[in-house]
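I have placed the structure first, in the form of structure tokens, so that the comments after it can refer back to it.
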Amino acid sequence: MVPALSIHPTRPTEQPNDLGPLIALAAQGDERAWVDLVDLYARRVFAMARSRLHDDELAEEITQSVFVTVAMKLNGNEGYAEMGRFEPWLFRITMNRVRDLCRKRKRHATPTDPEHLNRHESKDEQDDAKETKQAELGQLREVLDRLSDADREIIELRHHGQLSFKQIAELLGQPVGTLLARHHRALKKMREQIEAMNQNTGSNGLPKEQA
Amino acid sequence: MSTYENNENYLAGSPQAEMNDLLNDLGHAERSRAPAGLESGVLDAIAKQVAPASLSIEQTPRISVWFSKTLKYSAAAALVLGVGVATMMTRPWQAPITTTDTSMISVMFQEDIESFLALDELDSEIDESVAELSIWAHALDSEFNDSWMALDLMESSLDTNGAL
């Protein structure tokens, strides 16, 4: 059973070398262990979900749902069977949850133009002082949306979830060498697309012929 | 050692290195977009779903706990009162009998019996008195008749002699 949890404003500065003791404490219902686990991983899970869903609220809901699942598994009768592989396990749950939601969206919701979403994000972010950087990131999101699901997963697990290639290999069941090659290919694809976009647009973000 | 190992070394000198850095920035930006209350929201969700019985997160206002306790006590008091009223309503209405009243009733009952026996005795005495009176009345009546007859005989003898 998870005991009463108290919220601590402090956050762990760095991840412990061995997550085992922390996971074991959390499984026993240790309050501090849960706070540390959530502080370590909640934002990484959120970033993964948000990158795919383009929706802060949905990403927050997914994050909560993922951690509730983790807590139930850790405290359940079946116990925690992923010894030493907590991170791949956590992000597998996240990916499955996001995939399910994306499938439901495709089935029921009206199709959303990712370019339209990115324009929205860019507009919100124009309030920020780092306007140029935000524009670059907006472009990057747009290009990321165009990648295949398989390539996109590697990029998001690596850069949003901050997993090592070894952990991604465990999670996806692929050799590290294959993953490195696919990662490299995805980066190349993205760079080429961004270069192509920049060739077609002027410095003011308008298409070259209009600029 | 961080889990986020720097194994992008394979990109050293590659034109993809800049793209890799940009993607790291994008990941950081996405993590930073998380609302300030993300962690506390997650902890609340865990506490609610996994351990609903131990919902005493420090941020929860104490007033709600106090209110629920007050509600429970009020409900218990109302239940006891209701049962009491229902019991009183189902019983026939009567004055409560006390120990003093019980002993008084027994005394009164004894007195009633004594009075009845006394009356019965009185009744038999009355019967006897009535019988005596009746005999006395008969005796007086026959005595009176005898006297009357004697007087009548005297009168008739006076008339015959012409003087008393």
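The values are calculated or read from the model by the stated rules, or taken from the named source; none is laboratory data. What you see is a predicted model; the values in this text were computed from it and never measured. Neighbour counts run over all protein chains shown; Cβ positions are idealised from the backbone, glycine included. Just so you know, the surface numbers come from the protein's heavy atoms only, side chains and all, with ligands and any DNA or RNA stripped out. Shrake-Rupley method; radii C 1.70, N 1.55, O 1.52, S 1.80 Å.
Screening the candidates A:S164, A:S122 for the property of being modelled with pLDDT under 90 and within 14 Å of chain B (Cβ to nearest Cβ) yields one hit, A:S122. For the stretch A:170-186, filtering for residues that are closer than 21 Å to A:L90 by Cα and open to solvent by 10 Å² or more (accessible area, probe 1.4 Å) leaves 7. Of the listed requirements (1) modelled with pLDDT of 90 or more; (2) in contact with a helix residue (DSSP H, G or I) (Cβ under 7 Å, 6 or more places away or on another chain); (3) open to solvent by 60 Å² or more (accessible area, probe 1.4 Å), B:Y10 misses just one: (1). Which ones in the stretch A:55-67 are buried (at least 18 other Cβ atoms within 10 Å of the Cβ) and at the interface with chain B (Cβ under 7 Å from one of its Cβ atoms)? Once the filter is applied, which keeps residues that are buried (at least 18 other Cβ atoms within 10 Å of the Cβ) and at the interface with chain B (Cβ under 7 Å from one of its Cβ atoms), the stretch A:55-67 yields A:E60, A:T63, A:Q64, A:F67.
Is it the case that B:K72 is under 27 Å from A:N75 (Cα atoms), open to solvent by 60 Å² or more (accessible area, probe 1.4 Å), more than 7 Å from chain A (Cβ to nearest Cβ) and modelled with pLDDT of 60 or more? Against the criterion (under 27 Å from A:N75 (Cα atoms), open to solvent by 60 Å² or more (accessible area, probe 1.4 Å), more than 7 Å from chain A (Cβ to nearest Cβ) and modelled with pLDDT of 60 or more), B:K72 does not qualify.
Can you find, within the stretch A:153-166, the residue that is farthest from B:A34 (Cα to Cα) among those that are assigned to a helix (DSSP H, G or I) and either free of Cβ contacts under 8 Å to residues at least 40 places away in the same chain or open to solvent by 20 Å² or more (accessible area, probe 1.4 Å) (or both)? Out of the qualifying residues, it is A:K166. Somewhere in the stretch A:189-198, is a residue within 27 Å of B:R33 (Cα to Cα), facing chain B (nearest Cβ under 9 Å) and over 19 Å from the mean Cα position of the chain (by Cα)? Yes, that holds for at least one residue. Just to verify a result, which residue in the stretch A:74-102, among those that are acidic (D, E) and modelled with pLDDT of 90 or more, is least open to solvent (accessible area, probe 1.4 Å)? So, considering only residues that are acidic (D, E) and modelled with pLDDT of 90 or more, the one least open to solvent (accessible area, probe 1.4 Å) is A:E87.
Checking each residue in the stretch A:19-54 for being within 19 Å of A:N75 (Cβ to Cβ), outside any helix (DSSP H, G or I) and either touching a residue at least 60 places away in the same chain (Cβ under 8 Å) or at the interface with chain B (Cβ under 7 Å from one of its Cβ atoms) (or both) picks out only A:L19.
Among the residues examined, B:E18 does not qualify as surrounded by 18 or more Cβ atoms within 10 Å (Cβ to Cβ), more than 33 Å from the chain's Cα centre (by Cα), modelled with pLDDT of 65 or more and not in a loop (DSSP other than H, G, I, E, B).
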